[in-house]
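Scroll down for the structure; my scribbles are underneath it.
The values are calculated or read from the model by the stated rules, or taken from the named source; none is laboratory data. Note that this is a predicted model, so its numbers are computed, not measured. Glycine also receives a Cβ, built like all others from the backbone with ideal geometry; neighbour counts cover every protein chain displayed. Each accessible area value is taken on the protein alone, full model and side chains, heavy atoms only, with ligands, DNA and RNA left out. Shrake-Rupley method; radii C 1.70, N 1.55, O 1.52, S 1.80 Å.
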Amino acid sequence: MTTVTVQPGVFLHVLPSQQFATTRILVNFTRQHDATSLGGRVLASNMLETASKKYPSQTALARALSELYGASFGTDVLKTGALHTLRLRMTLVHDSFAPDSESLLVDGFAFIREMMCAPLGDAEQGFDPTVFERQREISLDEIAGLQEEKPFYAARQAINAYFDDPVQALPAYGTVDLLKKVTPKEAWDAWFDTMQHDRVDIIVLGDVDVATVTQAVQQLPLTGRAIVGNPYYEQPEKDAVKQVVELDKVNQARLILAYQLHIAQTDRFQGFVFNALFGGLAVSRLFMNVRESAGLAYSVYSDYNPYTGLLMVEAGVDHAKLGEAEQRIDAELTRLQTELVADDELAMIKRLMKADYVTSLDQPGRITERLQNQELIGYHTTAEEWLAAVESVTAQQVQQVANAVKKQLHYELVGGTQND
């Protein structure tokens, strides 16, 4: 990999590779996650994906992408711990498949510049109001659809209940209340503020020449900026477990247990192995003993966020088995805290983790995502180092991590109404 500082706070990361027939481009704008700019950033992202002055309709945009030999272009918003990223992404076929183009890569960056710098609208009024309102309604409909998915809804409610700081609980895509308040002018201003002040990481993966990519990136109007940002958030530990019970029309109860797990960043692989063993894999303790052997859950798994120290266990459970399921989950954690994991079980978990990682090396999306995360946290790990770090985790270290886990929240979504 080659990293070039294009401007202060603007970084280009080139991963030359002949492994893929396509070139993947990501332009990541990252800042501290906050409620003030979030709604505008989300709706600006939607507008940038939809149209520009040169391509004022989706038909015109689709025609332009077709002329770039079927290139794809889109935007995303995502969180890395306490950081929020607005991303532009493009995938192009290799120049060898585009004989009529002098450089499809250069043409692709010219397209990105057009979408970035000349959105549909103007500085006085903001984004085109008709298209903007349509995009807002689409976003609100998507959020409403997510709310109807009870496992997702329960997880969001549990996260809201867990975090003391409501900003940390905000999803990357915002909330209904935030999106409803944003005007076309506010979203426009949010985007140009993003272009001027956010940390920028441009990632290019494919069979490319570093000098050519660097020259193309220098055509983007990105000036130097002072950047600050911390992906980590540490919440004070509570002595008592917070209890939340919510009633809804559900056939299957949702049980979510939230734990605090703060370990040093240098020990993060110990946390990854612990989570895989506890509930992160289909051969984990929770899956095998709570779901398969005891039959206490339709689904059960754990997820660990190393940036916020939040470990969550989510389970779909019969209403009558909620108490028993939680007791069994507690028992599995206690067993990891008091008994060393057997060598063969630990070896199996490591083998599966490494197999998944090696598989990811054939997936451009996962390669670029991993690089972006490493840039934001400041730790760079090669494939060899990653595999070796997993292999080096001991049963004693897994036990130490287990003993650092502290339950903070019990949340359940159960059938019924508030008047029952």
* To do: Filter the range 332-357 for residues that are among the charged types (D, E, K, R) and part of a helix (DSSP H, G or I) and give the result.
  => Glu332, Arg335, Asp343, Asp344, Glu345, Lys350, Arg351, Lys354, Asp356
* Asked: Is there a residue being open to solvent by less than 40 Å² (accessible area, probe 1.4 Å), of a type in the set (Asp, Glu) and within 20 Å of Ala264 (Cα to Cα) anywhere in the range 386-394?
  -> no
* Looking only at the range 349-362, which residues are open to solvent by 60 Å² or more (accessible area, probe 1.4 Å) and either charged (D, E, K, R) or touching a residue at least 60 places away in the same chain (Cβ under 8 Å) (or both)? -> Arg351, Leu352, Asp356, Asp362
* Run Leu286 past the list (1) part of a strand (DSSP E or B); (2) open to solvent by less than 10 Å² (accessible area, probe 1.4 Å) and report the number of the one that doesn't hold. => (1)
* **Residue that is surrounded by the fewest Cβ atoms within 10 Å (Cβ to Cβ), among those in the range 300-312 that are touching a residue at least 24 places away in the same chain (Cβ under 8 Å) and in a strand (DSSP E or B)** => Asp303
* Which helices (runs of 4 or more DSSP H) does the range 358-405 wholly contain that include 1 or more residues that are of a type in the set (Phe, Trp, Tyr)? -> 383-392
* Asked: Leu322 fails exactly one of the following numbered conditions: (1) more than 16 Å from Leu281 (Cα to Cα); (2) open to solvent by 40 Å² or more (accessible area, probe 1.4 Å); (3) in contact (Cβ under 8 Å) with a residue 60 or more places away in the chain. What is the number of that condition?
  -> (2)
* List every residue pair whose Cβ atoms sit under 8 Å apart, with the two residues 6 or more apart in sequence or on different chains, where the first one lies in the range 258-279 and is within 14 Å of Val393 (Cα to Cα) and the second, anywhere, is of a type outside the set (Lys, Arg) and in a strand (DSSP E or B). => Gly271/Tyr304; Phe272/Tyr304; Phe274/Tyr304; Asn275/Ser302; Asn275/Asp303; Asn275/Tyr304; Asn275/Leu311
* **Condition met for His33 (touching a residue at least 60 places away in the same chain (Cβ under 8 Å), open to solvent by less than 30 Å² (accessible area, probe 1.4 Å) and over 24 Å from Leu140 (Cβ atoms))** => no
* Elements of type strands (runs of 3 or more DSSP E) contained in the range 187-275, each with 2 or more residues being over 25 Å from Pro306 (Cβ atoms) and open to solvent by 50 Å² or more (accessible area, probe 1.4 Å) -> 242-248
* In this structure, is Ala62 open to solvent by 50 Å² or more (accessible area, probe 1.4 Å), of a type outside the set (D, E, K, R) and not in a strand (DSSP E or B)? -> yes
* Among the residues of the range 158-186, count how many are open to solvent by 20 Å² or more (accessible area, probe 1.4 Å), touching a helix residue (DSSP H, G or I) at 6+ places or on another chain (Cβ under 7 Å) and assigned to a helix (DSSP H, G or I). => 8
* Structure fact -> Within the range 125-152, residues among the charged types (D, E, K, R), in a helix (DSSP H, G or I) and open to solvent by 70 Å² or more (accessible area, probe 1.4 Å) come out as Glu133, Arg134, Glu137, Asp141, Glu142, Glu148
* Neighbours by Cβ (under 8 Å, 6+ apart or cross-chain): first from the range 172-193, closer than 11 Å to Leu43 by Cβ and touching a residue at least 12 places away in the same chain (Cβ under 8 Å); second surrounded by 22 or more Cβ atoms within 10 Å (Cβ to Cβ) and among the aromatic types (Phe, Trp, Tyr) -> Pro184/Phe127; Pro184/Phe132; Ala187/Phe127; Ala187/Phe132; Trp188/Phe127
* Structure fact -> Picking from Gly365, Gly295, the residue that is in contact (Cβ under 8 Å) with a residue 60 or more places away in the chain and either open to solvent by less than 70 Å² (accessible area, probe 1.4 Å) or of a type in the set (Ser, Thr, Tyr) (or both) would be Gly365
